[in-house]
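Every read-out reported here was derived from the displayed coordinates using simple, explicitly stated rules and does not represent laboratory data. Since the model is a prediction, treat every value here as computed from it, not as a measurement. Ideal geometry is used to build each Cβ from the backbone, glycine not excepted, and the neighbour counts take in all protein chains shown.
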């Protein structure tokens, strides 16, 4: 939750940016009710003062909409919903009474990517309520926007234009627009739809590269995980990465081997380097080189139990088996160091014998907070020449 001073600075910034005449004192007075709403939590925590704060905000003049929108910065999901409700109440009241929304200020708000993505999306919805054609024009500038929802809408517009070109038998234009869409798309369903269209047009699409999946690994296993003990067990790869090392495994001596997945969705299946096993654990290792220190998200999908380490530091794990699997199912905040980074994944298989419990795999990519893939600047190390 933003501090009182930080919240005031956010609101003051919006007032200055919008050049709202005489609005500074009003913006300052809104800081306290916004702070009260930021304090709401689950099971009714903070809801009594938040209700009073909501009534104060909802009664505010429409000119203050950008200020309330700015107050969404740092809000938890519950608080953001309260602020959204206040914004929508103000807008509905103003439009029903024949008034106007501050369209110019809302446009400025949308264009400033420093604001909370949820707030910018809500500002866009307000603009669209008044002027759908203006909102449609704004989408042209949002194909690379950090807001996932705004970006999705902008990509959707490009896809629609591409489909129209295709319907008009203009395949070159359709191809160009679909390619632009693919470069901008971050949502899995859009990427899949665009890929299908481009391939139908005879274009080659490298899906692993589009998503940024890491496909080149070194793997070692299997280790024993009978009774699920492999998840907690500390096997040699967790203590030291030695690609020349050889250890006692579940079925004999084990050593590192190169493994490159050809799966379009980057699935690293341990059933391929090893025969399908039950009650087993294996490790996958890769190097990831960065040209600068940076905050990233390590995004992983798996329906097996797993753990992830970065540069020897344990990030997170999940001791569950054969539930739903999805791209970016888990998002782990991490800090890359400049130069060489080491990613280690442990993936465990349980002893279920059902047909649907055969999978023993994971997929992993490194992204910025907005889902754009980040690529290693150097190819991973190999265990063999």
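A few remarks follow.
- Contact order relative to length of region 216-367, as percent, for alpha carbon pairs under 8 angstrom and 6 or more apart: 31
- Listed by Cβ neighbour count within 10 Å, with the fewest neighbours leading, 220, 191 appear as 191, 220.
- Shape category assigned to region 148-205 from the gyration tensor of Cα positions, a/c cut at 1.5: oblate
- With contributions of -39500 (n - 2.57) from each DSSP H run of at least four residues, the per-residue ellipticity at 222 nm computed over the chain stands at -12500 deg cm²/dmol.
- Full-stretch length increase - residue 353, residue 85 - with 0.36 nm per residue and alpha-carbon distance subtracted: 91.5 nm
- Taking a ≥ b ≥ c as the square roots of the eigenvalues of the Cα gyration tensor, the chain is classed as prolate, since a/c reaches at least 1.5 and a/b is larger than b/c.
- When only Cα pairs below 8 angstrom with a gap of at least 6 residues are kept, region 148-205 shows a relative contact order of 32 percent.
- Region 234-256 and region 134-211: distance between their alpha carbon centers, rounded to Å: 45
- 15 Å reach of a label modelled at residue 232, 7 Å along Cα-to-Cβ, counting backbone N of region 306-338: 318-320
- Inter-centroid distance (Cα atoms) of region 318-381 relative to region 31-86, Å: 37
- One decimal place: the segment residue 248-residue 372 gains 40.7 nm when fully extended, by the rule 0.36 nm per residue minus the C-alpha distance.
- Axis angle, to the nearest 10 degrees, between helix 77-96 and the longest C-alpha principal axis of the chain: 30 degrees.
- Tensor-based shape of region 38-121 (alpha-carbon gyration tensor, a/c under 1.5 rounded, otherwise prolate or oblate): oblate
- The chain: relative contact order as a whole-number percent, Cα under 8 Å and 6+ apart: 12
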